[in-house]
1. Can you tell which of Thr89, Thr49, Thr75, Thr18 is over 17 Å from the mean Cα position of the chain (by Cα) and either crowded, with 17+ Cβ neighbours inside 10 Å or free of Cβ contacts under 8 Å to residues at least 24 places away in the same chain (or both)?
2. Could you give every pair whose Cβ atoms fall below 8 Å, whose first residue belongs to region 175-187 and is free of Cβ contacts under 8 Å to residues at least 60 places away in the same chain, and whose second residue is hydroxyl-bearing (Ser, Thr, Tyr) and crowded, with 16+ Cβ neighbours inside 10 Å, counting only separations of at least 6 or pairs across chains?
3. What single numbered condition from (1) in a strand (DSSP E or B); (2) within 16 Å of the chain's Cα centre (by Cα) fails to hold for Val70?
4. Cβ contacts < 7 Å: first residue under 14 Å from Glu177 (Cβ atoms), restricted to region 220-238; second residue at pLDDT below 85, any location; separation 6+ or different chain. Result?
5. Can you find a residue in region 157-166 that is buried (at least 16 other Cβ atoms within 10 Å of the Cβ), under 20 Å from Ala236 (Cα atoms) and touching a helix residue (DSSP H, G or I) at 6+ places or on another chain (Cβ under 6 Å)?
6. State whether the residues of region 159-169 include one that is among the polar types (S, T, N, Q), more than 18 Å from the chain's Cα centre (by Cα) and assigned to a helix (DSSP H, G or I).
7. Counting just the residues of region 52-72 that are closer than 19 Å to Arg121 by Cα and not basic (Lys, Arg), which one comes out surrounded by the fewest Cβ atoms within 10 Å (Cβ to Cβ)?
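The values are calculated or read from the model by the stated rules, or taken from the named source; none is laboratory data. Because the structure is a prediction, the values reported are computed rather than measured. Positions of Cβ are backbone-derived with ideal geometry, glycine not excepted, and every protein chain shown enters the neighbour counts.
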Amino acid sequence: MTAEAGRPAYLLLGNVTTDLTPDGSSFGGTAYYSGRAAAALGYRVVVATRLPRAEARRLAAEAPEIDWRVGPARTAATFSNIYVPAGRTQLVHARAPRLGAAEVRGLAPEADIVHLGPILRETGPAVVKAVAGRDFVTLTGQGLLRRVDEHGHVRVDLPRSAARAFAAADMSVLSTEDLAGDLDSARALLSRSRVGVLTDGPGAIEAHEDGRWLRYPVVERPMRNPTGTGDVFAVALFSSYRATSDLREALGVATEAAARWVSEPEPEPFHLLPEPGGAGEL
C-alpha cells in the first residue's frame, strides 16, 4: 500500500467560488477553504465542484495537493464579501451549475468524512440522497439557506429541502449569521442531525449530541482575517470528532483552529494547521 493510499480520505461536495476583492480575484467558498484545511490536516482530499475550464486549471495549479473533480460550467460562482462593523454583506455576480447526483455517487467510497459544503444550494436533494448513509456525513449548512435577490444580494431563506439535508448528516454546523439571528430555526435544523453545532462569532457555542445540549465558551481573539474562518472551524471539528467521538474535545480543537486563523493577518494561513500526517490533531 502506498503512503497516499494509506492516508484518510475526505470527500467534499460544493462549488469553489471566485471572490472579487480590492486586490483582484481569489478562490473561495467552503469547497476551497475546507478542502485546503483538510489537506493541511493530512487528509487525502477529493472535491467535486463546477468551474470553467480556465479557472479549473488555475485552481489545480494553486492547490495541487487536492484531487479536484471539476464538472463543466460556463461561469464560476462569483461573490464579493463586504465587511462592516454590523457584519458581512455578500453580493453574487454569477452562479455556477448545481452538482449532479451521478457525478458524486460512488465518488471516494473509502472516504472517512463526507462533507456537504454548498455555497448556494448546489448540493440539492438528489446529491444529499446520493451520499446519505455513507460512513460519516457532515454538513455546513449556510449555502442551503440562501437566496439571491434581484440586486444580487444574498438573503436568508429556509427551503423545505434544508431539513432533509440536516437529517441526512451525522454532524452539522451553522452560525447565527446563517439565519440572521433566528436561533429557534437554527436549533431546529441542527436537532435533525445526530450532532449539531451553532456558532456565534466570539460568543459561546451551543451544541448537542443526540439531543443533549451544552454551551462551550470561546476565547475572543483579534479579528484580522475573517473569510474562511467557519470553514476551517468545521473541518477541525469534523476531523476531531471523527477521531475521538468526544464533542467537547472536538469543540476545543475547532475553536483553537478558528482562533489561530481569524487572528492571523495573512489571507490564507494554512501553515497554522498541522503538517500532513496529523489528521485529527491540532
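1. Details: Thr89 fails: either crowded, with 17+ Cβ neighbours inside 10 Å or free of Cβ contacts under 8 Å to residues at least 24 places away in the same chain (or both); Thr49 fails: over 17 Å from the mean Cα position of the chain (by Cα); Thr18 fails: over 17 Å from the mean Cα position of the chain (by Cα).
Residue meeting the stated conditions: Thr75.
2. Ser175/Thr199; Thr176/Thr199; Leu179/Ser185; Leu183/Thr176; Ala186/Thr176
3. In the conditions (1) in a strand (DSSP E or B); (2) within 16 Å of the chain's Cα centre (by Cα), Val70 misses (2) alone.
4. Pro226/Tyr83; Thr227/Asn81
5. yes
6. Of all residues in region 159-169, those among the polar types (S, T, N, Q) come to 161.
With the extra rule that they be more than 18 Å from the chain's Cα centre (by Cα), the set shrinks to 161.
Pick out the ones that are also assigned to a helix (DSSP H, G or I) and you get 161.
Yes, the conditions are met somewhere in region 159-169.
7. Here is the first cut: in region 52-72, the ones closer than 19 Å to Arg121 by Cα are 52, 69-72.
Now restrict to residues that are not basic (Lys, Arg): 52, 70-72.
Values: Pro52: 16, Val70: 18, Gly71: 17, Pro72: 11.
This residue is Pro72.
Per-residue answers, yes or no, for (1) in contact with a Cys (Cβ under 9 Å, 6 or more places away or on another chain); (2) among the hydroxyl-bearing types (Ser, Thr, Tyr); (3) closer than 19 Å to Ser161 by Cβ; (4) in a strand (DSSP E or B):
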residue	(1), (2), (3), (4)
Ile82	no, no, no, yes
Pro97	no, no, yes, no
Ala102	no, no, yes, no
Leu107	no, no, no, no
Glu110	no, no, no, no
Pro118	no, no, yes, no
Thr123	no, yes, yes, no
Val128	no, no, yes, no
Arg134	no, no, yes, no
